[in-house]
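Novice: Have a look at this one before I ask anything.
The values are calculated or read from the model by the stated rules, or taken from the named source; none is laboratory data. Source: prediction; values computed, not measured. Every residue, glycine as well, gets a Cβ built from its backbone with ideal geometry; the counts of neighbours run over all protein chains shown. We work out accessible area using only protein heavy atoms, side chains counted, and drop any ligands, DNA or RNA first. Shrake-Rupley method; radii C 1.70, N 1.55, O 1.52, S 1.80 Å.
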Amino acid sequence: MNKLSTPEHTSRYTKFTFEEFLQDDFFVSSMKQPTIETISFWNRFMRENEGHTIEFDAACRFLDDVCNMSLPDKEVRKIWLNVTNSRRKVIRRRIILFSEIAAAACVAAVLFLKLFSTEKAEETFKPIDIIAFANENNLYNPSEATQLILSDDKIISINDKETSIKYDADNITVSSDNISKEGSQPFNQLIVPYGKRSILALADGTVIHINAGTRVIYPVDFGTERREVFIEGEAYFDVKADKKRPFFVKTCDDAIIKVTGTKFNVQAYSDDDRIRVALETGIVSVKSSNQHNEVTLMPNQLYETCNGDYSVKDVNIMEYTAWIEGLYLYKSEKMESIIRRLSRYYGKNIEVSPDAQNVKCSGKLDMKERLEDVLDGITFTAPVEWNKSGDTYHIMFKYN
């Protein structure tokens, strides 16, 4: 089947019936072989016709069923002749209109698929899942710049150490530059490399502080029933309250955080062995892939997973949120963990010798200072020392 061009407007389909959808080349083709463009088109169609998509939904479900039917071509042609004759009777038999149209549409869809394509039909149209999008678009980012990916051919690189990005109804503002949303994929992707930070203001009023080494994926526009984003890394969320549209955060390890309006921090780096959710205000519920039930957090509580288990405990919330002010508070934390965090924040390669990795210490670091000054500060609170060789910093246990 040749690739069909995407219609300019969704209005063409507003009054389509169940049968008309199944006899429309573009509809069948885009359900059978969805692309980013067709997914975006039908998502927009559903948003613009909320509450009036019964015929569309029924056609999607029906096409999903008939795609898996296996009939010989000869049998399909024979049935199609019968259907053609039966359709002439529909006008005269209005009482059984629905059943006959359904039957006609059924075979019409099968005929279309059997006669004009030998490929196996793929899954019916569904709004693209944010996790699936994240997995399919897990791009390696060698750039030292922050990247805002609006589509495959629309990538904005930002060299500033700290960036500010704001969405409104029509535009995206990056620093002081306005960018149109037109041509964007259903999901936008913001990649913040090591050594950089960003503040992302979404159109619903939610503000996300994004730490170094983090990837965030979010819809260009939220739907009418729920708001959903994906994170791999660390971010502090200040979610705008909206009881009709709960806010969901999904992580790289399949944890799901549900909120309505609250402030919390999420650590979910793919190279860490744990996920942490620290709640500052409001209430959130958290569920990871190996849990049977959701866990509800109250302010100043930390949810943490490790090796398949999870725990909830009371904490000093500043230890998990002070980074947005350029501070790092830690209490009885392993040197390996402290240095990994500094390496991400500064974007520098820092190695810890095996004998120093498990050294625990507590303290407060001002990460607005130079890395060398911060490392000097650590040597005053822990039995370690450091040196630099080339572009790499080395942390070693101090024996005397």
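Novice: Just the number, please: carbon plus sulfur as a percent of the accessible area of region 149-263, 1.4 Å probe, no ligands or DNA/RNA counted.
Specialist: Result for region 149-263: 45 percent of the exposed heavy-atom area is carbon or sulfur.
Novice: Rounded to the nearest 20 Debye, what is the dipole magnitude of region 138-221 about its Cα centre when Lys and Arg each give +1 and Asp and Glu each give -1 at the C-beta?
Specialist: 340 debye
Novice: If you place +1 on the Cβ of every Lys and Arg, -1 on the Cβ of every Asp and Glu, and leave all else neutral, what size is the dipole of region 132-281 about its Cα centre, to the nearest 20 Debye?
Specialist: The calculation lands at about 520 debye.
Novice: Please identify the GluC sites (Glu not before Pro) of region 202-280 that satisfy two criteria: DSSP loop assignment and at most 15 other Cβ atoms within 10 Å. Which are they?
Specialist: GLU225
Novice: Something else about it: Over region 275-400, what portion of Cα pair distances is larger than 24 Å, expressed as a whole percent?
Specialist: The calculated P(r) of region 275-400 puts 38 percent of pairs beyond 24 Å.
Novice: Read phi for every residue in region 341-356 and hand back ³J(HN,Hα) as whole Hz from Karplus 6.51 cos²θ - 1.76 cosθ + 1.60, θ = phi - 60°, with x for Gly and Pro.
Specialist: Running phi through 6.51 cos²θ - 1.76 cosθ + 1.60 with θ = phi - 60° gives 5, 5, 4, 5, 5, 8, x, 10, 7, 10, 10, 10, 5, x, 6, 10 Hz.
Novice: Report the normalised scattering of region 254-316 as log10 I(q)/I(0) at q = 0.13, 0.27, 0.29 Å⁻¹, calculated by the Debye formula with identical scatterers on the alpha carbons.
Specialist: Evaluating at q = 0.13, 0.27, 0.29 Å⁻¹ gives log10 I(q)/I(0) of -0.29, -1.26, -1.41.
Novice: Please list the non-local residues whose amide H lies under 5 Å from the amide H of GLN185, H modeled 1.01 Å from N, same-chain partners needing a gap of 5 or more.
Specialist: Correct list: SER151.
Novice: Any chance you could check the Cα centroid distance between region 323-366 and region 161-230 for me, in angstrom?
Specialist: When both Cα centres are located, 28 Å separates them.
Novice: Just order 373-381, 143-151 by mean Cβ neighbour count inside 10 Å, highest at the front, would you?
Specialist: 143-151, 373-381
Novice: At a Cα cut-off below 15 Å, give the aspartates and glutamates reachable from LYS348, other chains included and same-chain residues fewer than 8 away excluded.
Specialist: Leaving aside aspartates and glutamates fewer than 8 places away in the same chain, those within reach of LYS348 are GLU144, GLU336, GLU369, GLU372, ASP373, ASP391.
Novice: Near LYS258, which aspartates and glutamates are there with a Cα under 19 Å away, not counting those fewer than 8 places off in the same chain?
Specialist: Qualifying aspartates and glutamates at Cα under 19 Å: ASP129, ASP204, ASP221, GLU225, GLU228, GLU232, GLU234, ASP238, ASP242, GLU280, GLU294, GLU304.
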